Amino acid sequence: MTLVVETPSGYGAERRYVLDVVLGDWLGLEWRLEQADRSDVRIRLDGDENARRVVVPESLFGTRVEDWLAPASLPAAPIARLAVDDPGSTALRPGQPIPVLYGATPPARALVTPDPDGMTLGVDVFGGVFFLLSRYEEAVLVDRDRYGRFPAAASTTGSADLIVTPVADAYVEVLWLAFERLWPRLRRRDRSYEVLLSHDVDDPLAVLGRRPADVARQFAADLVLRRSPGLAGRRAHSLLARRADHRRDPHNTFDLLMRTSERHGLRAAFYFQSHTRTDVASGALYTLGHPWIRELIGRVHERGHEVGYHAGFGTYRDPERTATEFAGLREVAERQGVHQDRWGGRQHYLQWTLSTWRNWEAAGLAYDSTVAYADAVGFRTGTSREFPVFDLAGRRPSTLRERPLQVMDVTLFGYMSLSPDAAFAAVSRIADECRRYRGTLGILWHNDSHLRTVREQRWYAALVERMSSV
Ligand SMILES: [Zn+2]
């Protein structure tokens, strides 16, 4: 059962890429492309005696060449929304408003309209998915925060309050709804909901990379500000004990993190920084020369979890440092017995721009998991699914894949200033969306964040339990 996709000419690499992601990678269907002299996209099924077809409007790829990557090609505000009454077997809810980033001209009045020849869609599914996955708007808009990051509010989906909806995943359901009505015997790839917990190791021990005077200041703060003699004792012990006994160091939560994941059958990822010397000002608090760190890397692997690369501050625009740091980590990890087919990781501070993907691909990394917003939880790429990335400037698909990340701990408690209850609710809402679309929930939890007290540790355990329950 092969789908035949007839498209107008132009933007060939971009079209082929998005068709391959949606029809091949995500839906698991056989398809082939045929160029046709027309102004919309038509999909038929090889061997369908009734010769029915799905018409998909052409909008983004109908952009004039001089407007490509220019503001004129961005979705026009306000974003219209359309719903379906009968979602069939798809993940859509009856009446759920689906945003139309790119649509038909004149605008359609329904998402899926039956006609004597088949079905006509009211949304440019392929243009919309391409727009979201390629981070097209980030190549057009210049908004950045002080760390060089694209803010959620600058995004089309952020400003339209769509950030907690995986819009690309919803588009795939709209397309599938039309397919299953026309060709009920067509089968799509089975998927199931998944949780990916990852831990960026920035600050593995409360005594590493600090002068004794800094530790003494934190010790005083434990007693006076945090009113916790226990915390002060653990900090002092980690610094002063003979033969560096870090078992009770307040940042040494690695055993707790691994245990919590293991309880739910999850394989967690621990991403390590890779510096040859420490530099407190740039957040390089440890080196891979430290025996305790090397031992930790080996222990993570032995327990069946993943070891990955956490790219240093500022490297997101630096292909050489990316390559050197990753090679350094890999060498140390392999000496610790870590052998993995696939290496990936994340940029420190979620510092990321379009050329970062290219640097990671060139360094030989298989996946990145950086592309979430620092200042809001949600779906920056519009999807809960892993996908191969597209190099917008090079106009070619990359060998790198993007692994879903929607939630960072610092976003919840820092940027969004949520209470523990509100944070729990926010993560639960994202988890429910991921579960609905049978996608992947990606969570970043730092080893030194909100795990110091028994109450915080219980909260974290409850959160992982809630995310993992089906
Ligand atoms: Zn970091």
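Which of (1) out of contact with any Leu (no Cβ under 8 Å at 6 or more places or on another chain); (2) outside any helix (DSSP H, G or I) does Gly233 not meet, given it meets every other one?
The one condition Gly233 does not meet is (2).
For the structure I just gave you, tell me whether Arg380 is outside the structural domain of Ala70 (by TED's automatic domain parsing) and surrounded by fewer than 21 Cβ atoms within 10 Å (Cβ to Cβ).
So Arg380 does not fit the description; no.
Have a look at Arg210, Arg181, Arg149 and point out the one that is touching a residue at least 24 places away in the same chain (Cβ under 8 Å), more than 16 Å from the ligand (Cβ to nearest atom) and outside any helix (DSSP H, G or I).
Arg210
Can you tell me which residues in segment 276-286 are within 12 Å of the ligand (Cβ to nearest atom) and surrounded by fewer than 17 Cβ atoms within 10 Å (Cβ to Cβ)?
Within segment 276-286, just Ser282 meets the criteria.
Residue under question is Leu197, and the condition is that it be in contact with a strand residue (DSSP E or B) (Cβ under 6 Å, 6 or more places away or on another chain), in contact (Cβ under 8 Å) with a residue 12 or more places away in the chain and closer than 28 Å to Arg81 by Cβ; does it hold? Before the answer, list the steps.
Values: in contact with a strand residue (DSSP E or B) (Cβ under 6 Å, 6 or more places away or on another chain): yes; in contact (Cβ under 8 Å) with a residue 12 or more places away in the chain: yes; closer than 28 Å to Arg81 by Cβ: no.
No, not satisfied.
Inside segment 253-267, can you point out the residues that are assigned to a loop (DSSP other than H, G, I, E, B) and either within 16 Å of the ligand (Cβ to nearest atom) or not assigned by TED's automatic domain parsing to the domain that holds Thr453 (or both)?
Correct list: Thr253 only.
Of the conditions (1) closer than 21 Å to Thr399 by Cα; (2) away from the ligand (no atom under 16 Å from the Cβ), Gly328 fails just one. Which one is it?
(1)
Of Arg321, Arg358, which residue is within 16 Å of the ligand (Cβ to nearest atom) and modelled with pLDDT of 95 or more?
Only one candidate passes the filter, namely Arg321.
Is it the case, given these coordinates, that Val280 is touching an Asp or Glu at 6+ places or on another chain (Cβ under 8 Å), of a type in the set (Val, Ile, Thr) and under 30 Å from Arg321 (Cα atoms)?
no
Can you tell me which residue is farthest from the ligand (Cβ to nearest atom) among those in segment 331-342 that are within 15 Å of His275 (Cα to Cα) and not β-branched (Val, Ile, Thr)?
Ranking the qualifying residues of segment 331-342, first place goes to Glu331.
So Arg93 ticks every box in (1) among the charged types (D, E, K, R); (2) surrounded by fewer than 20 Cβ atoms within 10 Å (Cβ to Cβ); (3) out of contact with any Pro (no Cβ under 7 Å at 6 or more places or on another chain) but one. Which box is left unticked?
(3)
Answer yes or no as to whether Ser417 is on the phi > 0 side of the Ramachandran plot, among the small types (Gly, Ala, Ser) and surrounded by fewer than 22 Cβ atoms within 10 Å (Cβ to Cβ).
Considered against the rule, which asks whether it is on the phi > 0 side of the Ramachandran plot, among the small types (Gly, Ala, Ser) and surrounded by fewer than 22 Cβ atoms within 10 Å (Cβ to Cβ), Ser417 comes out as yes.
Grab the strands (runs of 3 or more DSSP E) fully contained in segment 1-117, keeping just those with 1 or more residues being basic (Lys, Arg).
Per the criteria, 30-35, 41-45, 53-56, 80-82.
Which count do you get for residues in segment 287-313 that are more than 12 Å from the ligand (Cβ to nearest atom) and in a loop (DSSP other than H, G, I, E, B)?
Residues flagged as more than 12 Å from the ligand (Cβ to nearest atom) and in a loop (DSSP other than H, G, I, E, B) within segment 287-313 amount to 7.
List pairs: first residue in segment 445-470 and part of a helix (DSSP H, G or I), second residue modelled with pLDDT of 95 or more and surrounded by fewer than 19 Cβ atoms within 10 Å (Cβ to Cβ) anywhere in the structure, Cβ distance under 6 angstrom, at least six positions apart or on different chains.
As it stands, the answer is Trp459/Pro420; Arg466/Ser428; Ser468/His264, since those pairs meet every condition given.
Take the conditions within 15 Å of the ligand (Cβ to nearest atom) and either without any contact (Cβ under 8 Å) to a residue 40 or more places away in the chain or surrounded by 20 or more Cβ atoms within 10 Å (Cβ to Cβ) (or both) and apply them to Gly345. Does it pass?
In short, yes.
May I ask you to verify whether Val41 is surrounded by 11 or more Cβ atoms within 10 Å (Cβ to Cβ), at pLDDT 95 or above and under 17 Å from Glu173 (Cα atoms)?
On the way: surrounded by 11 or more Cβ atoms within 10 Å (Cβ to Cβ): yes; at pLDDT 95 or above: yes; under 17 Å from Glu173 (Cα atoms): no.
Answer is no for this residue.
If I go through segment 383-401 residue by residue, how many of them are closer than 16 Å to Glu14 by Cβ and crowded, with 18+ Cβ neighbours inside 10 Å?
6
What pairs come out if I take residues in segment 275-304 that are modelled with pLDDT under 90 and pair them with residues that are within 16 Å of the ligand (Cβ to nearest atom) and aromatic (Phe, Trp, Tyr) whose C-beta lies under 6 Å away, six or more apart or interchain?
Every condition considered, the pairs that remain are Ser282/Phe313; Gly283/Phe313.
What is the number of the single condition among (1) at pLDDT 95 or above; (2) surrounded by fewer than 19 Cβ atoms within 10 Å (Cβ to Cβ) that Pro106 does not meet?
Evaluating Pro106 over (1) at pLDDT 95 or above; (2) surrounded by fewer than 19 Cβ atoms within 10 Å (Cβ to Cβ) leaves (1) as the failure.
The values are calculated or read from the model by the stated rules, or taken from the named source; none is laboratory data. Predicted, not measured: the structure shown is a model, and the values here were computed from it. FYI the Cβ positions are ideal-geometry reconstructions off the backbone, even for glycines, and counts take in every protein chain you see.
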